[in-house]
Amino acid sequence: MTMDASDLLNDLERRGLIAQSSHPEELKSTFGEPQVVYCGFDPTAGSLHIGHLVPLLMLKRFQDAGHRGVALIGGATGMIGDPSFKATERRLNSLETVQCWVDDLGQQIQRLMTPHLDGALRVVNNADWLREINVVDFFRNVGKYFSVNAMINRESVRQRLERAEQGMSFTEFSYGLLQARDFTHLNQKLGCRLQIGGNDQWGNIVGGIDLVRRLNGEQVFGLTLPLITKADGTKFGKTESGTIWLDPRQTSPYHFYQFWLNVDDADVYRFLRYYTFLSCDEIEEIEAQDRRAQGRPAAQRILAEELTRFVHGEAGLGAAQRISAALFSGEVTTLSREELEQLELDGLRCVTIATECSLEEALVSAALAPSRRQARELLGQGAVRVNGERVRQGSLGDAFSLFDRYWIVQRGKKQFCLLKRC
C-alpha cells in the first residue's frame, strides 16, 4: 500500500534528507499515487562506497512507500565524468574499463538491494540509449534548449571556470545535457517523474526538469540529498586508509563495522537518521538514553550493526563481531582463516616476515617498538603476546602460527599487528 506522500516527505525532512526540491507542494500531490523515481550512479570504480549508500537507501524508502525505484548506471556519462564541483578534470577511462565497472556496479546494486526489497529495483544503463544518438540530431534537438549563459552561471561550473589554471573542456561542459537526456528518456519509456541525487547535482537535475517539459510536455520533479559531512565540516567516508567501499574484497566487513563504531558522538544520531530505517522517534529515544547512561553511548554500536547487517548480511556482521571480540579478549585462536584474511586485507597493519627472525626484530618490523632495545624491555616486562600467548624471548618461529601462516602480535591492550609468513 502506498504511504501518504506527505508522510513520506515529512519523514525525509525530519531525517534531514532533503537539501532541495522542486515544486514541493506539487511533488506531494503527484506522489499521492505510485510513481517512478530514479537516481544515477556513474561508474568511476568497480564498487560503490558509503557515499552512494544514502541515495540507494533513498530509493528503498520510496519503494517501501509503494513507488518504483530505478538505479541508472552511467555507461555513457561515465565515459565523460561529471565536472560538478570537481577541482580538476576527470581522467578519461577506456571503454573496456568503464564497461567492466558498469557490469560490476549493476551486479553489486542487485546483490545489495534485492534482499531488502519486496519488488526488484530496476537497473538501467544509459549507454543503451545515449550511444545511439546522432551528434547533429543531439545538438539540434537537445542542445538548442540549453543557454550557455545559464550553464556558466551554475555554481558547480563557475567554481571551475574561476580556476584559471584548470578551466573546463567542452567534453565536461556537455555532461549536463546528457544527464538531462537521461531524464527525458526515462520519463518517455518508464513514466519516471522524479530524479534524486546529491545536492551537487541540483544544476543537472534542474536542466533535466526543463528538458522534459520542453520535449515531453510533462511536469517532473527533482530532489537532492545533503552532502554528507562530519560535524567539523570535513568530508565523510574517507579515512587514513582510504575510501570505505561496499565491496567486501575492498573493505572487509570487520573494517566496515569498526568504521561505524568509531563515528564521533557529534555525528552518530544524524547518521542514524540518514543511514538506517529506525524511526526518528526511535533514534530520539536512543539519544535520550545515551544522555542518561554512564559510559560509552549505544548509538555507535546500533549504527554499526544496522549498516553492517544491511551491506554484508548476518554472516558479515557476525564475523565482524567475532573478530572484534577476539582482539578485545586476546582469544585470537578462535578466528577462522577467512576472518584472518579480513584482518590481512585492512583490519590490522600486516607485515610479511621471515619466521627465523627474533621477537625483537619482529616487534620493530611490526612498528610495535621503535628499537630492538625497547623491544627487549617490552618482552622482559611481559607486555607482548603472540597469538594470545605471553612471550619473553626466542624467535617468531618458536610461537605457533595460525593456519601455518599468521601471527597476531599484541603490545599492551590495544596495539596489534598481523605478521604473515614469507
statement: In the neighbourhood of residue 318 defined by beta carbon distances under 11 Å, the net charge of the other residues (Lys, Arg +1; Asp, Glu -1) is -1
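Taking Rh as the Kirkwood radius computed over C-alpha pairs, what is the Stokes-Einstein D of the chain at 20 °C in a medium of viscosity 1.002 mPa s, expressed in µm² per second? Before the final figure, lay out the partial values.
Details: Rh = 24.2 Å.
Rounded to a whole number, D works out at 88 µm²/s.
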- request: Please work out the Cα center distance from the range 158-205 to the range 75-111, rounded to the nearest Å.
  value: 14 Å
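Suppose the chain between residue 374 and residue 325 were pulled fully straight at 0.36 nm per residue; how much longer would it get relative to their current alpha carbon spacing? List each step's numbers first, then the result.
Working: separation 49, 0.36 × 49 = 17.64 nm, distance 2.88 nm.
Length gained between residue 374 and residue 325: 14.8 nm.
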task: Sorted from largest down, give the three principal axis spans of the alpha carbons of the range 229-334, whole angstrom values.
output: 39, 30, 23
- prompt: On a 0 to 90 degree scale, rounded to 10, what angle separates helix 280-292 from the longest Cα axis of the chain?
  reply: 30 degrees
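Across every pair of different alpha-carbon atoms, what Kirkwood hydrodynamic radius in Å does the range 5-227 reach? Numbers along the way, then the final one.
On the way: mean 1/r = 0.0559 Å⁻¹.
Computed over the range 5-227, the radius equals 17.9 Å.
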- prompt: Roughly how tilted is helix 5-14, in degrees to the nearest 10 and between 0 and 90, from the longest Cα axis of the chain?
  reply: 40 degrees
- prompt: What's the extension gain from residue 13 to residue 401 if we count 0.36 nm per residue and subtract their Cα-Cα distance?
  reply: 134.3 nm
- line: When 302, 50 are arranged by how many other beta-carbons sit within 10 Å of their Cβ, fewest first, they go 302, 50
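Could you compute how fast the range 348-422 diffuses translationally, taking Rh as the Kirkwood radius over C-alpha pairs and applying Stokes-Einstein at 20 °C with viscosity 1.002 mPa s? Give it in µm² per second.
Numbers: Rh = 11.7 Å.
Reported coefficient: 183 µm²/s.
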message: Using square roots of five times the C-alpha gyration tensor eigenvalues, list the equivalent-ellipsoid semi-axes of the range 169-228 in whole Å, biggest first.
response: 19, 15, 9
- request: Using Cα centres only, tell me the gap between the range 285-311 and the range 222-283 in whole Å.
  value: 13 Å
task: With label points built 7 Å along Cα→Cβ from the Cα atoms of residue 29 and residue 6, find their separation and express it in nm.
output: 1.4 nm
All-pairs Cα distance distribution in the range 93-154, expressed in whole percent, bin size 5 Å: 3, 13, 14, 14, 13, 15, 14, 9, 4, 0
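Read the figures in this text as sums done on the coordinates, not as results from a lab. Everything numeric here is computed off the predicted structure, so don't read it as measured data. Counting neighbours? That spans all protein chains shown, and the Cβs are built from the backbone with ideal geometry, glycine included.
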